[in-house]
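Working notes, structure below.
Only the coordinates and a few stated rules stand behind these numbers; no lab work does. Treat the numbers as computed from the prediction; the structure is a model and nothing was measured. All Cβ positions, even for glycine, are placed from backbone atoms using ideal geometry, and neighbour counts span all protein chains on display.
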Amino acid sequence: MPNESKIIVEVRFFAQLRDLVGATEKRLELPRDAKVADLLMQLYAKHPDLKKWDRQILIGAGLEFVGRDHVLDPGEEIAIMPPVQGG
């Protein structure tokens, strides 16, 4: 029986952030009602070099950008990207 107090989310990393965590994607287990901020804290604990990007990263859920107060849904796919640069 699955643990209903926890959720699993898929996290995808792009560009140089992928290099910092050493993977294109990771599955994370978080408490139910966790927010993006909770997900980031867990990632920063495992990948301290990622934290220096904290103020710059963009976070997507599905097809839209979300803030750190976004409540995660079970099975949700979260994208963590460096800032978009145009030219």
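To check you understand DSSP bridge types, tell me what percent of the beta bridges within the chain (both residues inside) are antiparallel, rounded to 5. Working shown, then result.
Details: 14 of 18 bridges.
If I count the DSSP bridges inside the chain, around 80 percent turn out antiparallel.
Return one number: the angle in degrees, 0 to 90 and rounded to the nearest 10, between the long axis of the Cα atoms of helix 36-46 and the longest principal axis of the Cα atoms of the chain. Computed tilt is about 80 degrees. The charge dipole of the chain, taken about the Cα centre with unit charges on the Cβ atoms of Lys, Arg (+1) and Asp, Glu (-1), comes to about 340 debye, rounded to the nearest 20. Once the chain from His47 to Ile8 is taken as fully extended at 0.36 nm per residue, the excess over their C-alpha distance is 12.2 nm. With a cut-off of 17 Å on the backbone N, the residues of the stretch 7-38 near the modelled label site 7 Å out from Leu58 along Cα-Cβ are 12-18.
Counting only other residues whose beta carbon sits under 14 Å from that of Arg27, what net charge do I get with K and R as +1, D and E as -1?
Values: positive: Lys6, Arg12, Lys26, Lys46; negative: Glu10, Glu25, Glu29, Glu76, Glu77.
Around Arg27, the charge tally is -1.
Please list log₁₀ I(q)/I(0) at q = 0.15, 0.18, 0.29 Å⁻¹ for the stretch 21-81, using the Debye equation with identical point scatterers on the alpha-carbon positions. Debye intensities relative to I(0), on a log10 scale: -0.41, -0.61, -1.65.
Amide H to amide H, with H built 1.01 Å from N, His47 comes under 5 Å of no residue 5 or more places away or on another chain.
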